[in-house]
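Colleague: Structure below; questions to follow.
The values are calculated or read from the model by the stated rules, or taken from the named source; none is laboratory data. Just so we're clear, the structure is a prediction, and the values are computed from it rather than from any experiment. Heads up, the Cβs are rebuilt from the backbone with ideal geometry, glycines too, and the neighbour counts pull from every protein chain shown.
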Amino acid sequence: MTETPHESAARADGGSERVDSTEHAARTPEAAQPYRELGLADDEYERIRGILGRRPTEAELAMYSVMWSEHCSYKSSKVHLKYFGEATTEQMRSKMIAGIGENAGVVDVGDGWAVTFKVESHNHPSYVEPHQGAATGVGGIVRDIMAMGARPVAVADPLRFGPAEATDTARVLPGVVEGIGGYGNCLGLPNIGGEVVFDESYASNPLVNAMCVGVLKSDEVQLAHASGTGNKVILFGARTGLDGIGGVSVLASETFSGDETGSGRKKLPSVQVGDPFTEKVLIECCLELYRSGLVVGVQDLGGAGLSCATSELASAGDGGMWIDLDEVPLRAEGMNPAEILSSESQERMCAIVRPTDVEGFMEVCRKWDVTATVIGEVTDGENLRIDWRGERVVDVPPRTVADEGPVYERPLQRPAEQDLITADNPDTLARPSTAEELRETLLRMAASPNLCSRDWVTSQYDHYVRGNTVLAQPSDGGVLRIDEESGRGIAVATDCNARYTRLDPYGGAQLALAEAYRNVAVTGSKPVAVTNCLNFGSAEDPAVMWQFQQAVRGLADASAELGIPVTGGNVSFYNQTGSSPILPTPVVGVLGVIDDVTRRIPTGIGAAPGESLLLLGD
Amino acid sequence: MARVVVDVMPKQEILDPQGQAVANALPRQGFEGISQVRQGKRFELEVADDVDDETLAKIAESFLANPVIEDWAVRRVES
Amino acid sequence: MARVVVDVMPKQEILDPQGQAVANALPRQGFEGISQVRQGKRFELEVADDVDDETLAKIAESFLANPVIEDWAVRRVES
Amino acid sequence: MSAAGARIGVITFPGSLDDGDARRAVRRSGASDVSLWHADADLRGVDAVIVPGGFSYGDYLRCGAIAKFAPVMTEVVRAAERGMPVLGVCNGFQVLCEAGLLPGVLTRNEGLHYVCRDQWLRAENTTSTWTTRYEPGADLLIPVKHGEGCYVADESTLDEIEGEGRVLFRYVDGNPNGSRRDIAGITDARGRVAGLMPHPEHAIDPLTGPTDDGLGMFLSALDTLVPA
Ligand SMILES: Nc1ncnc2c1ncn2[C@@H]1O[C@H](COP(=O)(O)OP(=O)(O)O)[C@@H](O)[C@H]1O
């Protein structure tokens, strides 16, 4: 980054120790701010100034910039995702306890049990640092599930890599698998499904999607809201460090322009290192807190860290919130407010707790050796107010940060070449005609990376832990017992054929759903709900946006046709190398229910000789 | 033949769960006064005399360490 | 405050599959002339001044290393 | 004493994962399970103890290296010296070795990868507290799942273990981790303290495991604790 010619906001007053408080911001309206480097467009920055009636402080700018990013705000996808809601009928909604808009969807699966499940992407970090990127991807989705009040019970991992023979795949794939295994195994979550697909388009942009499934009693759902004036805000889990701050180091480098040699903060790594042990303990600690009724609201810290957790909790609550950043336990020295708010340090959660329960809360945390700190409280004002060293550094309406970010109706255009690629059809291809050719084709297919055994991957994952895994690899769908008494169980499968989706995004998304649906059905389970992880290229490419819109419509229409709702999902744009997007990859996950797991149907041709093989469908 | 040691340590700003686990366990065993622990790797290499420092640096950087999250140092020692 | 380094290495007679894997991979990456690699651990400790050498040895022997398979060495370094 | 009168404790460390499975296996064998907490120097009057699988304290330093210092382990070591049956599975085996109740140490798998698979074992010593229900030479199919399960001890120790017939199980049909002499599990000189890498608690019901071959270990202990 080159030095900005303007006098920076941080230096407006000369001193480097000075705090960019709201008051200071009001007094220095003309100070230049590096909003573009933080990813905000000119009009977005103007809108922030409009909302606040002044320029944002550094800390506020950091908050808005991460929360208004594509990843957190869904600004390009929102207008399309609405269609999922429109396509969902009352009938489909009847089993849904929480849906789109919550951390993860929750579905009633009978006998008083509920299941929550969700897929998230960690694509880019896994390309930069495969092991840690994939590991922290698992960690993130597991905390999402925990935030719903559920015990995480299984994970699955839909993966896409460049060609198997590419040298970079030899770097990325083993690291990703080790990361997912290392983290999931250490959490004690059986891995019961996933995919491994190789294609040229993922060569510099692998897809690492992670699914987590959680189980809870249907009346025990936790929600992410901050209510009750005077209730305390408690941050618990790992300490907050300088890791994963990414774009915000732009601010850091300005603030700390004096001592760049010391910490070299301009080059802060945007990589986070996972600590699965801390997360495992955090799971047990959270579950004990929930069981003891010590939590009013809870939110996980993922992307955008405290910025996201505080603004989302406050936004969903009925009042304001006050936070004292000096209370946040730090791992690094000299962190400034923007850094503390944006840190993506893993293995942290944020809870809202009644004052009378704080001692009980702390006791549970001590039992599990989990660091927990009161960092603020719910207030009766409207605003989210954050102080640091006695000065106010944030004073914003939380909804403007968390929910009322920009929304774009991006241009979309069916590309002309679409006709060209669909003009081709298989009739022009040579087909094997002799037995010898058939044999040769079969062998070639069996040996191809996309069809061969996945054992090298799956043998690195624990699928036995917790003792409830009824089916896992190589079964089409994973099946898990959730109630030992009744034998009630659930099934999950994730699927997507991105090559179909490239040919016809609408139909491809429907096929992805149909495949996951079938994979759940063939285990003997009844499909009940859908989640997704929509991996696409740049939202600013009209052809990509067209693919996206078509895929959403296809998936929503097919869900309606099958009568099972989309309960949540995740969007990952900007998966591309240069101007070439990945194949459109709407990964679809289906959840099923099975009344009695002893009646599950294993994959494979039967155990006894003489069985008949029937082909269903056409 | 030369003996070469390559030390690979997690970068300061990067979380080091291993070192942290050790640091937390020490007081429980009655060892006080250890305020920080970082855990890294140590490689000992037997190296032919014609392998130069530049090559060793390359081996450390591209192979023994993961420069995204780790720092490294190479030194030749008496054997 | 003193900085202490504890090196923990697999004993010579113990198989070291990690070091072996590195040694085998180096020629494939075009690095010749490395005849042996052993991989161990390196700990860096921040230690209060009143922690004596005997205590440090105890920490290394009873905790940081497993003497059945590992050798260890403690040294104080400049901080 | 009725069967349910036998009380078998299962330790939970922070990071234990298979403690629930071990308790389930204890119940299925007909004994009653008792949860033991790492921080309590108290065995709650149990008749036997299981140290379960998982990643105690994260196992970042060395498997079992931190767990051996837990207050509950001091009690386990004391009780074991008095002759209480103790079983360590996977991480539990690692902990027992670190704590000095069993010789040797478990190191990184030779293949350098974590391995989860169904593994054939051969029962050798069938007189220990934990293995009387097996026929000598019986083949069992039980899951292994670990990254550091390669059993290592010096030659004289290995000879001694072999000489005294203290190998409980040996890997057959492929060694998953490079373990010396294909050793999967061993016992102490009295045949009361046992450790193994494979997971008998994951093989108690063909619905959720490959077989129910593991149940025999829990039934064996019960036979000793509750003589017919
Ligand atoms: N592709 C999608 N389909 C349906 N719902 C989606 C999709 N993407 C995101 N959502 C929903 O939008 C909401 C906002 O997501 P959120 O949980 O804030 O995202 P993240 O966890 O990635 O920050 C969630 O309820 C999520 O389920």
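Colleague: Could you check how many residues of region A:321-343 are within 12 Å of chain B (Cβ to nearest Cβ) and either in contact with an Asp or Glu (Cβ under 7 Å, 6 or more places away or on another chain) or of a type in the set (S, T, Y) (or both)?
Modeller: Residues that pass the stated criteria total 2.
Colleague: Continuing with the same structure: If you take just the helices (runs of 4 or more DSSP H) that sit entirely in region A:10-116, which of them hold at least 2 residues that are without any contact (Cβ under 8 Å) to a residue 24 or more places away in the chain and more than 16 Å from the ligand (Cβ to nearest atom)?
Modeller: A:42-52
Colleague: Pick from A:F256, A:F277: which is more than 16 Å from the ligand (Cβ to nearest atom) and either modelled with pLDDT of 95 or more or within 14 Å of chain D (Cβ to nearest Cβ) (or both)?
Modeller: When all the criteria are applied, what remains is A:F277.
Colleague: Looking at A:I490 and the list (1) assigned to a loop (DSSP other than H, G, I, E, B); (2) over 30 Å from A:T169 (Cα atoms); (3) among the aliphatic types (A, V, I, L, M), which single condition is not satisfied?
Modeller: (1)
Colleague: Scan region A:355-370 and give yes if some residue there is closer than 17 Å to A:S311 by Cα, small (G, A, S) and in contact with a strand residue (DSSP E or B) (Cβ under 9 Å, 6 or more places away or on another chain), otherwise no.
Modeller: No: region A:355-370 contains no residue that is closer than 17 Å to A:S311 by Cα, small (G, A, S) and in contact with a strand residue (DSSP E or B) (Cβ under 9 Å, 6 or more places away or on another chain).
Colleague: Does A:S475 satisfy the condition of being farther than 23 Å from A:E165 by Cα and modelled with pLDDT under 95?
Modeller: Taking the combined requirement at face value, the residue satisfies it.
Colleague: Continuing with this model, one more query. Which of the following residues is within 14 Å of chain A (Cβ to nearest Cβ), β-branched (V, I, T) and within 27 Å of A:P190 (Cβ to Cβ): D:V95, D:V144?
Modeller: Within the list D:V95, D:V144, the selection yields D:V144.
Colleague: Please work out which one of (1) within 12 Å of the ligand (Cβ to nearest atom); (2) surrounded by 24 or more Cβ atoms within 10 Å (Cβ to Cβ); (3) at pLDDT 95 or above is the condition A:A134 fails and give its number.
Modeller: If we test A:A134 against (1) within 12 Å of the ligand (Cβ to nearest atom); (2) surrounded by 24 or more Cβ atoms within 10 Å (Cβ to Cβ); (3) at pLDDT 95 or above, just (1) comes out false.
Colleague: Is there a residue being closer than 30 Å to D:G178 by Cβ, out of contact with any helix residue (DSSP H, G or I) (no Cβ under 7 Å at 6 or more places or on another chain) and of a type in the set (G, A, S) anywhere in region C:64-79?
Modeller: The answer is yes, given that some residue of region C:64-79 is closer than 30 Å to D:G178 by Cβ, out of contact with any helix residue (DSSP H, G or I) (no Cβ under 7 Å at 6 or more places or on another chain) and of a type in the set (G, A, S).
Colleague: Would you point out the residue of region C:26-50, among those that are facing chain B (nearest Cβ under 7 Å) and touching a residue at least 40 places away in the same chain (Cβ under 8 Å), that is farthest from B:T55 (Cα to Cα)?
Modeller: Here the residue is C:A48.
Colleague: Okay, moving on. What pairs can you find where one residue is in region A:521-541 and within 14 Å of chain D (Cβ to nearest Cβ) and touching a residue at least 24 places away in the same chain (Cβ under 8 Å), the other is more than 16 Å from the ligand (Cβ to nearest atom) and among the basic types (K, R), and their Cβ atoms are less than 8 Å apart, with a gap of 6+ or different chains?
Modeller: From residues that are within 14 Å of chain D (Cβ to nearest Cβ) and touching a residue at least 24 places away in the same chain (Cβ under 8 Å), the pairs are A:T523/A:R600; A:G524/A:R599; A:G524/A:R600.
Colleague: Let me ask you something else. Exactly one condition in (1) modelled with pLDDT of 95 or more; (2) farther than 28 Å from A:S218 by Cβ; (3) crowded, with 17+ Cβ neighbours inside 10 Å is not met by A:D108; state its number.
Modeller: Of everything listed in (1) modelled with pLDDT of 95 or more; (2) farther than 28 Å from A:S218 by Cβ; (3) crowded, with 17+ Cβ neighbours inside 10 Å, A:D108 misses just condition (2).
Colleague: Additional query: State the number of residues belonging to region A:537-587 that are within 26 Å of A:V115 (Cα to Cα) and surrounded by fewer than 19 Cβ atoms within 10 Å (Cβ to Cβ).
Modeller: The number of residues fulfilling the criteria is 6.
Colleague: Is it the case, given these coordinates, that D:V76 is more than 14 Å from every other protein chain (Cβ to nearest Cβ) and in a helix (DSSP H, G or I)?
Modeller: yes
Colleague: On to the next question. Quick one: A:T278 ticks every box in (1) of a type in the set (S, T, N, Q); (2) in contact with a strand residue (DSSP E or B) (Cβ under 7 Å, 6 or more places away or on another chain); (3) within 25 Å of A:S73 (Cβ to Cβ) bar one, so which box is it?
Modeller: In the conditions (1) of a type in the set (S, T, N, Q); (2) in contact with a strand residue (DSSP E or B) (Cβ under 7 Å, 6 or more places away or on another chain); (3) within 25 Å of A:S73 (Cβ to Cβ), A:T278 misses (3) alone.
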